[in-house]
Every structure is written in C-alpha cells, then in structure tokens.
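Every read-out reported here was derived from the displayed coordinates using simple, explicitly stated rules and does not represent laboratory data. Computed from a predicted structure; not experimentally measured. Cβ coordinates were reconstructed from backbone atoms using ideal geometry, including for glycine residues, and neighbour counts include every protein chain displayed.
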Amino acid sequence: MSEFSETYLDHFSSPRNIGEIENADAVAEAEHEGGGCFDRIRVSIRIADGRVEEMLFKARACSGTIAAASAGTEWAKGKTVEEVAEVTADIIADYLDGVPEKKLHSVELVAEVLQKVARKN
C-alpha cells in the first residue's frame, strides 16, 4: 500500500495552475533549506472583489511541494484574501487527503507562500 493518497499522486502527476500571471496583483516566493531539500516556489495572484480569481505557481521542488502547490493554488481559488492569508499546512494536507511525514515540509512551505502572497494585498 502506498503512503501517498490518490489525491496527492494526482496533484503530483498532473499538477494544476503552473505558470506565472502577467501583471499579477501580487507575487511571493518561499524557499525550504532543511533536510537536504532546497525547494523553491513562486506564486502569483490575481484578485477580483477581494477573492482569488487566479493563482499560479512555479517551483523547483520535490514531489511533495509540487503536489502541495497544485492543491494549495486550487484550494485558494474563490477564497477571500483573508482566508488565504490564514491558510495552514493542515488545510493543504487535508486537501491532499494526507501527506507522509517526510513531506510535511512541503505543505508548510506552500502554506507560507500562500500566506505571503495574500498578505501583500
């Protein structure tokens, strides 16, 4: 039995929201430098009427961060900027139907960058 959920594997093998928004309302970056992992992620956001209209990401990252960024950007669509500014790693992990302990840094990194980009507005 795999320690990765079907949702996790789907977001890793077919990530959503890859790219960068031209003339974005805000852009944020975050980097993880622990445990031999040097994941880097950049998120751009477009907001309309206080809600996330579009959110895209670019990453140089492990499978966990790619899956978490795909899930996190999908989760954020339609949410208020305030909701995104309060996102937690647990919310993203739940959206992925769980993540293995060795990939917790990934959901933490994505939560951090989503909070950053939302707070720039």
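Would you say Glu83 is over 18 Å from Leu9 (Cα atoms), of a type in the set (Asp, Glu) and within 13 Å of the chain's Cα centre (by Cα)? Here the answer is no, as Glu83 does not meet what is asked.
Considering only residues that are among the charged types (D, E, K, R) and crowded, with 16+ Cβ neighbours inside 10 Å, look in the range 17-45 and name the one that is nearest to Val113 (Cα to Cα). It comes out as Arg42. Could you tell me whether any residue of the range 80-87 is under 18 Å from Arg16 (Cα atoms) and surrounded by fewer than 16 Cβ atoms within 10 Å (Cβ to Cβ)? No, because not a single residue in the range 80-87 is under 18 Å from Arg16 (Cα atoms) and surrounded by fewer than 16 Cβ atoms within 10 Å (Cβ to Cβ). Just checking, does the range 59-74 include any residue being more than 24 Å from Asp97 (Cβ to Cβ), touching a strand residue (DSSP E or B) at 6+ places or on another chain (Cβ under 7 Å) and surrounded by fewer than 18 Cβ atoms within 10 Å (Cβ to Cβ)? There is at least one residue in the range 59-74 that is more than 24 Å from Asp97 (Cβ to Cβ), touching a strand residue (DSSP E or B) at 6+ places or on another chain (Cβ under 7 Å) and surrounded by fewer than 18 Cβ atoms within 10 Å (Cβ to Cβ). Within the range 1-10, being farther than 18 Å from Glu101 by Cβ and in contact (Cβ under 8 Å) with a residue 12 or more places away in the chain holds for one residue alone: Glu6.
The residues of the range 29-58 that are over 13 Å from Asn121 (Cβ atoms) and outside any loop (DSSP other than H, G, I, E, B), listed by number, are Glu29, Ala30, Glu31, Arg40, Ile41, Arg42, Glu54, Leu56, Phe57, Lys58.
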